[in-house]
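The values are calculated or read from the model by the stated rules, or taken from the named source; none is laboratory data. These numbers were taken from a predicted model, which means no experiment stands behind them. Because the Cβ atoms are built from the backbone with ideal geometry, glycine has one as well, and the counts that use them run over all protein chains shown. Note: accessible area is taken over every heavy atom of the protein model, side chains too, but ligands, DNA and RNA are not part of it. Shrake-Rupley method; radii C 1.70, N 1.55, O 1.52, S 1.80 Å.
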Amino acid sequence: GFPRLGYSAPMPAGRGVIYLAIGARFLDEARVSAASVRRHLPDLHITVFTDQHGPRGAEFDDVVAIEQSGRKPHRDKIRACLLSPYPETLFLDTDTFVAADLGGVFEVLGSHDLAASDDRGYQDRFPPGSGVPDCFTELNLGVVFFRRNAATTDLFQAALRRYDELGE
């Protein structure tokens, strides 16, 4: 695990939001996004994984120290998901803005381990040998609901291994 920075609110019984914010700019973005979560889901616990030190701010209930593990943040997103303290988690990218109550989406986790929408506006070219066809539509991994269990833990661990194999 990663050391706590000394800020901690009471741990919620079930649901929470996590952010990964590497760098001051992304922590500032996460603060704006977390404030939008608070407007619509005021009782939801919010944790940020960050390399930044300093005052927590009212937007976050918990701040967890994390160091960037590579040149891109994608690997660290997966690490943050593995470290989520919540049985049911909403991972949000720092540039998201919550404009309505998303609480109902957590209900999907009653019958599914993970929920994400496709990212219709984005198509990536996967590395040769990845086995992913060019016509594949990626999921929007900036807004992901997941239930912490053996299946999602295995998924995130496999994603880390695959990420490392591809040399990203």
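Would you mind giving the average projected area, over all directions, of the Cα convex hull of the chain in nm² with one decimal? Present the calculation step by step, with values, prior to reporting the outcome.
On the way: hull surface 40.6 nm².
Computed as one quarter of the Cα hull surface, the answer is 10.1 nm².
Applying both filters, DSSP loop and at most 13 other Cβ atoms within 10 Å, to the trypsin sites (Lys or Arg not before Pro) of the range 84-168 gives 120, 125.
Relative contact order for the range 42-112: what percent, with Cα pairs under 8 Å and sequence separation of 6 or more?
On the way: 39 pairs, mean separation 14.2, N = 71.
The normalised contact order for the range 42-112 reaches 20 percent.
So what's the net charge close to residue 112: Lys and Arg +1, Asp and Glu -1, counting the other residues with Cβ under 14 Å from its Cβ?
Surrounding charge for residue 112 is -1.
Based on the mean of other beta carbon atoms within 10 Å per residue, what is the order of 80-91, 133-144, most packed first? It would help to have the intermediate numbers written out before the result.
Numbers: 80-91: 20.3, 133-144: 12.9.
Per-residue mean Cβ counts within 10 Å order the peptides as 80-91, 133-144.
Net length available on complete extension from residue 43 to residue 28 is 3.3 nm, with 0.36 nm assigned per residue and the Cα-Cα distance removed.
In sequence order, the range 135-149 has phi-based couplings of 7, 5, 8, 6, 7, 7, 8, x, 9, 9, 9, 8, 9, 7, 7 Hz under the Karplus curve 6.51 cos²θ - 1.76 cosθ + 1.60, θ = phi - 60°, and Gly or Pro positions carry x. Run the accessible area of the chain with a 1.4 Å probe and give the carbon-and-sulfur part as a rounded percent. Summing carbon and sulfur atoms, their accessible area is 55 percent of the total for the chain. A full extension of the chain between residue 36 and residue 95 corresponds to an added length of 20.1 nm, given 0.36 nm per residue minus the alpha carbon distance.
Provide the net charge surrounding residue 54, with neighbours chosen by a C-beta distance below 12 Å and charges set as Lys +1, Arg +1, Asp -1, Glu -1. Can you show the working numbers first?
Numbers: positive: 31, 56; negative: 28, 51.
My count for the surroundings of residue 54 gives 0.
Which peptide among 60-73, 25-38, 105-118 comes first, and what is the full order, when sorted by highest mean count of other Cβ atoms within 10 Å?
Numbers: 60-73: 16.6, 25-38: 18.6, 105-118: 13.6.
Packing proxy ranking, top to bottom: 25-38, 60-73, 105-118.
Enclosing the Cα atoms of the range 45-113 in their convex hull gives a volume equal to 112 cubic angstrom per residue. Under the simplified labelling scheme, the residue 141-residue 72 pair shows an inter-label distance of 0.8 nm, with each label point 7 Å from Cα along Cα→Cβ.
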